[in-house]
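Okay, structure first, notes after.
The values are calculated or read from the model by the stated rules, or taken from the named source; none is laboratory data. Predicted model, so just to flag it, every value in this text is computed and none were measured. Note that we place each Cβ from the backbone using ideal geometry, even for glycine, and neighbour counts take in every protein chain shown.
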Amino acid sequence: MEKSVVLVTGGAGYIGSHTVRLLKDKYDVIIFDSLFRGNIESVPQDVKFVKGDLLDKEALNRVFTENKIDSVIHFAGLAYVGESSQKSELYYNVNVNGSFNLFAAMSENGVKEIVFSSTCSIYGNSAQNPIDESQPPVPSNRYGQTKRMVELLLKDFELSYNFRYVSLRYFNAAGCSPTGEIGEKHTPEPHLIPVVVLAALTGATVSVFGNDYNTPDGTCIRDFIHVCDLATAHISALDYLKETKKSEIFNLGSGTGYSVLEIIKKVEELTGLKVKYNILGRREGDPAVLIASSEKAANVLNWKPEYNLDDMILTAFNWFKNPKF
Ligand SMILES: NC(=O)c1ccc[n+]([C@@H]2O[C@H](COP(=O)([O-])OP(=O)(O)OC[C@H]3O[C@@H](n4cnc5c(N)ncnc54)[C@H](O)[C@@H]3O)[C@@H](O)[C@H]2O)c1
């Protein structure tokens, strides 16, 4: 029997490439990525790769007319909270217009199933932690705002064109493939765990943005989730869409929060290396605490994280000690 075909936008990126490794066992995969922040080295040899930009409507349309695509996983986008404050136009253009172009191309070509990479940034300064999906989406930064707008687009494409979508609101992705084959490579690298691990390895200084938040040690608290656990959630989400034909939103996190200083201490403890850090002022748009309730994903998708914080730090440490690209 022929495998169903999945178009993966942003499949050369960090979370996309880890998901593709798993997805390709079950589906035929085509990656569409501009390589703006992706790495061609992370694309498996046996997967079709199309270099293209979400803002290029013709290139997008061509992928759908030249291939018989059944569903889409949409990772492609820009994802840095700090950068989004400086570059509003770029973020709205790539994340909102780019997604709109993708949905329009899908609709024109009769493709209606999509799993979308959303984010915990959608919740802003939530009154409740752990946060479940019933909490109001009130983003506190431009990045979260663009992702919320894409969720609204998806809702309207459902109403007008029978789209079926799963929006996965991930908390903070971390860790690398335990095989050491692929990992995280961002330039610049804004994510806390890789920044701290790299500081341990190179002697660089970590910038801590604010120590006057209403948290036990004054630094922000975040919920981290291993990239391979996110990968399995995407397979479950796609299976769910195919079985139920129902749209849904799920949070994906571990349910435990760690402060920035706790992460620094944990990296020192696990690696035996010293981490230097500087306390700077707060960064615009950073909520104090973001912790996920992923009970809905556990109950509906039967998804549970398999990796803990130590695994995230150690797999990242192994990767950054010996990166393959
Ligand atoms: N990393 C996290 O902790 C996290 C948390 C929540 C949500 N997300 C979301 O998950 C998705 C993947 O995140 P990631 O960390 O793997 O990011 P990433 O930057 O590693 O991957 C994104 C990919 O999209 C591609 N891309 C960017 N602009 C494009 C365009 N205009 N056209 C085509 N391709 C383009 C990049 O080249 C890259 O390969 C993003 O949408 C992000 O917003 C990430």
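Check residue 122 against each of (1) within 22 Å of the chain's Cα centre (by Cα); (2) at pLDDT 95 or above; (3) not in a helix (DSSP H, G or I) and name the one condition it does not meet.
(3)
What number of residues within segment 22-43 are crowded, with 19+ Cβ neighbours inside 10 Å, more than 6 Å from the ligand (Cβ to nearest atom) and under 17 Å from residue 324 (Cβ atoms)?
Number of matching residues: 3.
Just to be sure I understand, how many residues within segment 212-271 are closer than 30 Å to residue 159 by Cβ and aromatic (Phe, Trp, Tyr)?
2
Among residues belonging to segment 61-108 that are within 18 Å of residue 157 (Cβ to Cβ) and among the charged types (D, E, K, R), point out the one that is surrounded by the most Cβ atoms within 10 Å (Cβ to Cβ).
Looking at the filtered set, the residue picked out is 70.
I'm checking my understanding of the structure. Among residues of segment 129-154 that are polar (S, T, N, Q) and farther than 16 Å from residue 252 by Cα, which one is surrounded by the most Cβ atoms within 10 Å (Cβ to Cβ)? Full working, then the answer.
Of segment 129-154, the ones polar (S, T, N, Q) are 129, 134-135, 140-141, 145-146.
In the following step, the residues that additionally are farther than 16 Å from residue 252 by Cα were identified as 140-141, 145-146.
On the way: 140: 18, 141: 20, 145: 22, 146: 27.
Looking at residues that are polar (S, T, N, Q) and farther than 16 Å from residue 252 by Cα, I get 146.
Collect the residues in segment 184-210 that are within 11 Å of the ligand (Cβ to nearest atom) and either farther than 15 Å from residue 81 by Cβ or part of a helix (DSSP H, G or I) (or both), keeping them in residue-number order.
184, 185, 187, 192, 193, 194
Every residue in segment 193-226 that is over 15 Å from residue 282 (Cα atoms) and either of a type in the set (A, V, I, L, M) or free of Cβ contacts under 8 Å to residues at least 24 places away in the same chain (or both), please.
Passing the criteria: 193, 195, 196, 197, 198, 199, 200, 201, 202, 204, 225.
Check off (1) within 12 Å of the ligand (Cβ to nearest atom); (2) farther than 22 Å from residue 111 by Cα; (3) surrounded by fewer than 24 Cβ atoms within 10 Å (Cβ to Cβ) for residue 46 and give me the number that stays unchecked.
Failed condition: (1).
Looking at residue 246 and the list (1) of a type in the set (Lys, Arg); (2) part of a loop (DSSP other than H, G, I, E, B); (3) not assigned by TED's automatic domain parsing to the domain that holds residue 70, which single condition is not satisfied?
Among (1) of a type in the set (Lys, Arg); (2) part of a loop (DSSP other than H, G, I, E, B); (3) not assigned by TED's automatic domain parsing to the domain that holds residue 70, residue 246 violates only (3).
Can you pull out the residues in segment 11-32 that are in contact (Cβ under 8 Å) with a residue 40 or more places away in the chain, under 15 Å from the mean Cα position of the chain (by Cα) and outside any loop (DSSP other than H, G, I, E, B)?
Correct list: 14, 15, 16, 17, 18, 19.
Please state which one of 104, 76, 59 is within 10 Å of the ligand (Cβ to nearest atom), among the hydrophobic types (A, V, I, L, M, F, W, C) and not in a loop (DSSP other than H, G, I, E, B). Spell out the reasoning first.
Details: 104 fails: within 10 Å of the ligand (Cβ to nearest atom); 76 fails: not in a loop (DSSP other than H, G, I, E, B).
Only one candidate qualifies: 59.
Among (1) over 27 Å from residue 16 (Cα atoms); (2) without any contact (Cβ under 8 Å) to a residue 24 or more places away in the chain, where does residue 244 come up short?
(1)
Specify the residue that is surrounded by the most Cβ atoms within 10 Å (Cβ to Cβ); the eligible residues are those in segment 171-181 that are within 11 Å of the ligand (Cβ to nearest atom) and in a loop (DSSP other than H, G, I, E, B).
At the first step, the residues of segment 171-181 found to be within 11 Å of the ligand (Cβ to nearest atom) are 171-175.
With the extra rule that they be in a loop (DSSP other than H, G, I, E, B), the set shrinks to 171, 175.
Details: 171: 26, 175: 30.
Among them, the one singled out is 175.
Between 163, 224, which is surrounded by 24 or more Cβ atoms within 10 Å (Cβ to Cβ) and not acidic (Asp, Glu)? Steps first, answer last, please.
Numbers: 163 fails: surrounded by 24 or more Cβ atoms within 10 Å (Cβ to Cβ).
From the options 163, 224, the qualifying one is 224.
Tell me the residue from 254, 259 that is buried (at least 18 other Cβ atoms within 10 Å of the Cβ) and either without any contact (Cβ under 8 Å) to a residue 12 or more places away in the chain or more than 19 Å from the chain's Cα centre (by Cα) (or both), please.
On the way: 254 fails: either without any contact (Cβ under 8 Å) to a residue 12 or more places away in the chain or more than 19 Å from the chain's Cα centre (by Cα) (or both).
Answer to the selection: 259.
Looking at (1) out of contact with any Leu (no Cβ under 7 Å at 6 or more places or on another chain); (2) modelled with pLDDT of 95 or more; (3) buried (at least 20 other Cβ atoms within 10 Å of the Cβ), which is the one condition that is false for residue 244?
(3)
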